[in-house]
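Novice: First the structure, then my questions, so here it is.
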Amino acid sequence: TSGQFSGKIAVITGAAGTIGLAVAEHLASLGADIALLDLQKDKLEDAATKVRQYGSTVRPYVCDVTDAQCVNSTTEQVVSDFGKIDFLFNNAGFQGAFAPIQDYPEEDFNRVIQINVCGAFHVLQAVARQMVAQKSGAIVNTASMAGVQGPPNMAAYGASKFAIVGLTQTASKDLAPHNIRVNAISPAFMGPGPMWDMQVEKQAKAKTQYFSTDPETVAKQMIGSVPMRRYGNISEIPGVVSFLLSDAASYMTGVNLPIAGG
Ligand code: NAD
């Protein structure tokens, strides 16, 4: 296919999810060939079918990012299938429970850190090794505004996203000598849809001074805290990712760009 990213190979994790799929479709529309990685096989097949409509080569890979061996073998398989990796959108993530820290379930804390931090590290490391060998590449990690200012009731998620910002800064320094840029995006409240509804409901159920116990009021409180007075649409994310991956951002590395309505 022809396009800005024609001939480029992109790896996307969490590719069966809302943001991963939206970014995959956008990069495919710009001509990139895409390796889609996710844990959920059926959703992944559906995502691959959607992304193929843009005409580029798309291959699904079932891979649990918490399993370093699986990440390494999948990365090798991607390189053997596509020949190289130009772009990584390191995006798989899990929100976890909503509870004040004194009640936060330990098991859930460990799970969130395993997926969001260890998983992101495994993928970053495996793909960086390939990019170092190629002497080029661009990476975008999905952080969150929860990794910029710790939100109430989200101890694990907030900590995990602060870690992503840290990983981004360190990786950007380690990989700069190898012509590889590493940046992050930090979406805030995105909607409409199940993620928005779940967040609103869980904050209401957490019963803290920060939010009402009525979900409709919580939604108003959240939107009221945004200078632009609305939540972001998923469609407002992919263009920021493609910008950071593109040569338009050739002198940007180690940056965390908020997508947060101010
Ligand atoms: P989503 O739940 O729709 O997608 C997440 C995807 O990650 C799912 O398809 C899931 O199967 C996959 N995944 C989970 N654990 C995995 C594992 N161990 N191995 C491989 N894949 C795994 O959620 P989303 O909103 O698309 O989230 C994408 C990223 O954006 C996450 O990192 C999330 O923390 C971040 N984020 C989302 C929002 C939001 O409001 N939607 C805001 C800020 C940041």
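Novice: Would you list the membrane-span-like helices of the chain, meaning whole DSSP H runs whose alpha-carbon atoms span at least 18 Å along their axis and whose mean Kyte-Doolittle value is at least 1.0?
Specialist: Helices meeting the criterion: none.
Novice: Can you pull the percent of the chain's accessible area that's carbon plus sulfur, 1.4 Å probe, other chains left in place?
Specialist: The computed percentage sits at 53.
Novice: For the chain, give the magnitude of the charge dipole about the Cα centre (Cβ charges: +1 Lys/Arg, -1 Asp/Glu; no others), in debye to the nearest 20.
Specialist: Here the chain has a charge dipole of around 560 debye.
Novice: Ranked by accessible surface with a 1.4 Å probe, highest first, in what order do ILE223, ILE180 come?
Specialist: Solvent-accessible surface, decreasing: ILE223, ILE180.
Novice: Here's a follow-up. Given the Cα-Cα distance of SER250 and MET195 and 0.36 nm per residue of separation, how much length would full extension add, in nm?
Specialist: The SER250-MET195 span can extend by a further 16.5 nm.
Novice: When the Karplus curve 6.51 cos²θ - 1.76 cosθ + 1.60 is applied with θ = phi - 60°, which whole-Hz ³J(HN,Hα) does each residue of the stretch 5-15 get, with x for Gly and Pro?
Specialist: 10, 4, x, 8, 10, 10, 9, 10, 9, x, 6
Novice: From the phi of every residue in the stretch 143-149, what ³J(HN,Hα) in whole Hz does the Karplus formula 6.51 cos²θ - 1.76 cosθ + 1.60 yield, where θ is phi - 60° and glycine or proline is x?
Specialist: Here the 3J(HN,Hα) series is 9, 4, 5, 5, x, 10, 9 Hz.
Novice: Here is a further query. Can you give me the accessible area per residue for the stretch 86-133, using a 1.4 Å probe, in Å²?
Specialist: Accessible area per residue, the stretch 86-133: 45 Å².
Novice: In whole Hz and in residue order, list the ³J(HN,Hα) couplings for the stretch 31-40 that follow from phi through the Karplus curve 6.51 cos²θ - 1.76 cosθ + 1.60, θ = phi - 60°; x for Gly and Pro.
Specialist: Ordered by residue, 3J(HN,Hα) equals x, 6, 8, 9, 9, 9, 10, 7, 7, 8 Hz.
Novice: Which sequence of MET222, MET145 reflects their accessible areas, 1.4 Å probe, from the largest down?
Specialist: MET145, MET222
Novice: So, one more: Normalising by the residue count of the stretch 191-231, find the relative contact order in percent from Cα pairs under 8 Å and 6+ residues apart.
Specialist: RCO, the stretch 191-231: 31 percent.
Novice: How do LYS50, LYS41 stack up against each other in accessible area, from largest to smallest, with a 1.4 angstrom probe?
Specialist: LYS41, LYS50
Novice: For the stretch 172-203 and the stretch 104-167, what is the separation of their C-alpha centers, rounded to whole Å?
Specialist: With the stretch 172-203 and the stretch 104-167 each reduced to a Cα centre, they are spaced 9 Å.
Novice: A further question follows. Please give the net charge around MET195, taking every other residue with its beta carbon less than 13 angstrom from that of MET195, where Lys and Arg add +1 and Asp and Glu add -1.
Specialist: -1
Novice: Then there's this: Before anything else, pin down the relative contact order of the stretch 1-126: Cα pairs under 8 Å, at least 6 apart, normalised by residue count, whole percent.
Specialist: Relative contact order, the stretch 1-126: 26 percent.
Novice: What residues qualify as long-range amide H neighbours of PHE189, i.e. H under 5 Å apart, gap of 5 or more or another chain, H built at 1.01 Å from N?
Specialist: For PHE189, whose amide H was placed from the backbone, the distant partners under 5 Å are GLY232.
The values are calculated or read from the model by the stated rules, or taken from the named source; none is laboratory data. Given the structure is predicted, the values throughout are model-derived calculations rather than measurements. Here the Cβ is made from the backbone with ideal geometry for all residues, glycine too, and neighbour counts use every protein chain on show. With ligands, DNA and RNA removed, areas are computed over all heavy atoms of the protein, side chains included. Shrake-Rupley method; radii C 1.70, N 1.55, O 1.52, S 1.80 Å.
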